[in-house]
Amino acid sequence: MESWDVAVVGLGPVGGVLAALLGRRGHRVLVLERHEAPYPLPRAVHFDGEVARILQSCGLGDDLAEISEPADVYEWRSGTGAVLLRFGGRPIGLSGWPDTNMFCQPALEARIEAAATRQPTVEIRRGISLVDLADVEDGVVMTVASAAGGDPEQVQARYVVGCDGANSTVRDLIGSTVTDLGFFYDWLIVDVLLHEPRVFDPTNLQVCDPARPTTVVSGGPGRRRWEFMRLPSETLDELDDEARAWALLEPWDVTPATATLERHAVYRFHARWADQWRRGHVLLAGDAAHQMPPFAGQGMCSGLRDAANLAWKLDLVLRGRSPDVLLDAYEREREQNVRAVIDFSMSLGQVICVTDTGEAVERDALFAGGDEPELQAVPPLPGVTTGVIASDDPLAGQLFVQGRITDGDGPPRLLDDVVGTGWRLVTTDAAAIAAVPGESHTWFEGEGGALVLVEDDRDVDGTYRGWFAEHGVVAVVQRPDFSIFGAARTPAEVGPMLAALRSALDDPARLLSPTPTRGPR
């Protein structure tokens with residue numbers, strides 16, 4: 001029987017990123033995908049700066065500008081055209097990338113698959129469906145079937161990760177129930193390819209019109225997406241019609257003469273999550289573990305955060321550096337974040353999905369603030385609130401910055417492209433490096449860690465100098481998923497901080513106590 005370190009079920013963005021990250025760490029990964037060819041049409045259209053950094057860690061940083069475009073403003077208007085809200089995305093955010101990036105999913109998926117297949121320890125098999133699985137003492141035995149026919153076969157892996165979407169076979173096979181908050185609406189999604197370049201101002205627009213709530217956003221370079229909410233008086237069949245799609249686009253001056261209709265489909269969004277993300281050697285990630293309304297653009301983003309979080313934990317367990325219980329921290333860390341993002345997405349949906357005229361008038365009055373409301377920052381997402389973090393550190397669990405540094409005689413580059421990813425102790429103070437005990441340094445390197453000194457003359461934009469001064473610390477231990485494990489206020493605290501990390505990775509069970517509450521990133 002074939003045996004692998006990890007079997008990933010599903011080759012969407014989440015499964016592909018997880019395979020690429022594990023492959024880059026040298027693990028043998030089998031990816032099973034039931035579809036024989038990639039899905040060619042758009043679906044997700046947004047990723048944020050943190051997710052851009054995750055994609056960068058897969059080796060895709062140079063590709064992102066080709067397949068995405070930043071969106072500086074997300075504006076909400078009433079049915080009368082009054083501006084209700086304006087959110088602004090920074091051109092360079094905390095993670096070194098634009099806060100808001102609009103893209104075409106097939107283009108991204110092709111690059112993610114290529115990044116995974118570049119790893120010699122990763123194998124992708126298309127046209128293969130998972131039929132059954134059995135958790136055994138040292139892993140999982142999977143029964144799989146080929147679309148080409150023939151007898152089912154068995155494959156073994158130490159761990160299986162279900163990245164197989166909202167209708168997850170893996171979730172069903174482990175018997176996980178689902179908590180559904182009952183918040184759902186039907187929307188018609190229309191993706192078009194524009195025949196000529198056209199400027200849309202703002203880039204992304206939400207029309208809160210009770211006559212027809214509508215979303216108008218970039219679908220990546222050269223593409224636009226419209227989303228039209230189904231009205232109570234309409235049937236699904238009436239809405240899911242090509243002629244109806246063109247009729248709804250016509251007021252936007254989008255016709256068969258100016259655009260090609262790439263896709264139209266009605267979908268129903270949900271707000272729900274799996275009640276069990278892990279059973280033995282089997283885990284869930286992405287839509288298999290959670291779904292959310294689209295209004296914060298965090299569906300795919302949340303799945304890629306799952307992949308980044310799980311990859312380093314599986315790495316430590318597979319290498320025998322941490323006990324298996326470390327994987328219990330995955331669900332604990334990610335579920336808290338996902339549930340908060342679902343709540344936030346629902347709160348946006350409750351503002352948008354209003355078809356009663358009187359209710360819409362009351363809503364609009366709440367936002368009345370003149371013709372040009374102040375541009376607001378994109379609200380921060382909650383960080384890691386429990387798990388593998390220094391529980392007594394207020395900075396622990398927050399997302400750490402990434403800035404540009406000089407590297408020899410070449411042009412400035414983002415830090416991860418210079419020093420790689422993994423556990424990193426980052427500081428601007430040489431004394432903090434000198435304070436690392438020799439034994440701790442040796443252990444840290446064994447965990448894939450590195451000590452990174454960003455001197456003032458290399459800190460091109462002052463990113464690190466400014467961040468450390470603002471927070472009154474001299475060093476940070478950054479996890480492989482870019483969250484802060486802990487920070488040292490003085491060089492003398494560096495050694496104890498690394499000792500605390502070692503203790504956490506050696507005995508993660510003690511960290512899985514009742515969940516505390518922390519603030520946003």
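Assess whether ASP209 counts as being under 22 Å from SER78 (Cβ atoms) and either without any contact (Cβ under 8 Å) to a residue 24 or more places away in the chain or in contact with a Gly (Cβ under 7 Å, 6 or more places away or on another chain) (or both). Before you say what the answer is, go through the steps one by one.
Working: under 22 Å from SER78 (Cβ atoms): yes; either without any contact (Cβ under 8 Å) to a residue 24 or more places away in the chain or in contact with a Gly (Cβ under 7 Å, 6 or more places away or on another chain) (or both): yes.
In short, yes.
Out of everything in segment 363-380 that is part of a helix (DSSP H, G or I) and exposed (fewer than 13 other Cβ atoms within 10 Å of the Cβ), what residue ends up being farthest from the chain's Cα centre (by Cα)? Show your work before the answer.
Of all residues in segment 363-380, those part of a helix (DSSP H, G or I) come to 363-366.
Remaining after also requiring exposed (fewer than 13 other Cβ atoms within 10 Å of the Cβ): 365-366.
Details: ALA365: 34, LEU366: 32 Å.
It comes out as ALA365.
Determine which single condition PHE269 fails, assuming it passes every other condition in (1) over 26 Å from GLU331 (Cβ atoms); (2) in contact (Cβ under 8 Å) with a residue 40 or more places away in the chain.
(1)
Kindly provide the set of residues from segment 222-272 that are under 31 Å from the mean Cα position of the chain (by Cα), basic (Lys, Arg) and surrounded by 14 or more Cβ atoms within 10 Å (Cβ to Cβ), ordered by number.
Hits for segment 222-272 are ARG223, ARG224, ARG225, ARG230, ARG263, ARG272.
Go through segment 203-229 and give me each residue that's among the basic types (Lys, Arg) and outside any loop (DSSP other than H, G, I, E, B). Write out each step before concluding.
Residues of segment 203-229 among the basic types (Lys, Arg): 212, 223-225.
Within segment 203-229, ARG223, ARG224, ARG225 meet the criteria.
Table: residues versus (1) of a type in the set (Lys, Arg); (2) free of Cβ contacts under 8 Å to residues at least 12 places away in the same chain; (3) part of a loop (DSSP other than H, G, I, E, B).
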site: THR386; (1), (2), (3): no, no, yes
site: ILE389; (1), (2), (3): no, no, yes
site: LEU395; (1), (2), (3): no, no, yes
site: ASP416; (1), (2), (3): no, no, no
site: ILE433; (1), (2), (3): no, no, no
site: SER440; (1), (2), (3): no, no, no
site: GLU445; (1), (2), (3): no, yes, no
site: TRP467; (1), (2), (3): no, no, no
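Yes or no: SER129 buried (at least 21 other Cβ atoms within 10 Å of the Cβ), of a type in the set (Ser, Thr, Tyr) and farther than 23 Å from LEU316 by Cβ? Steps first, please.
Details: buried (at least 21 other Cβ atoms within 10 Å of the Cβ): no; of a type in the set (Ser, Thr, Tyr): yes; farther than 23 Å from LEU316 by Cβ: yes.
It is false that SER129 is buried (at least 21 other Cβ atoms within 10 Å of the Cβ), of a type in the set (Ser, Thr, Tyr) and farther than 23 Å from LEU316 by Cβ.
For ILE484, only one of the following conditions fails: (1) out of contact with any helix residue (DSSP H, G or I) (no Cβ under 9 Å at 6 or more places or on another chain); (2) crowded, with 18+ Cβ neighbours inside 10 Å; (3) in a helix (DSSP H, G or I). What is its number?
All conditions are met except number (3).
Condition check: under 17 Å from ASP5 (Cα atoms), more than 28 Å from the chain's Cα centre (by Cα) and touching a residue at least 12 places away in the same chain (Cβ under 8 Å). Does GLN154 satisfy that?
On the way: under 17 Å from ASP5 (Cα atoms): yes; more than 28 Å from the chain's Cα centre (by Cα): yes; touching a residue at least 12 places away in the same chain (Cβ under 8 Å): yes.
Answer is yes for this residue.
We did not get these values from a lab; they are worked out from the coordinates using the rules stated. All figures in this text were calculated on a predicted structure; none of them were measured in a lab. Reconstructed Cβ throughout: ideal geometry from the backbone, glycine too, with neighbour counts over all protein chains shown.
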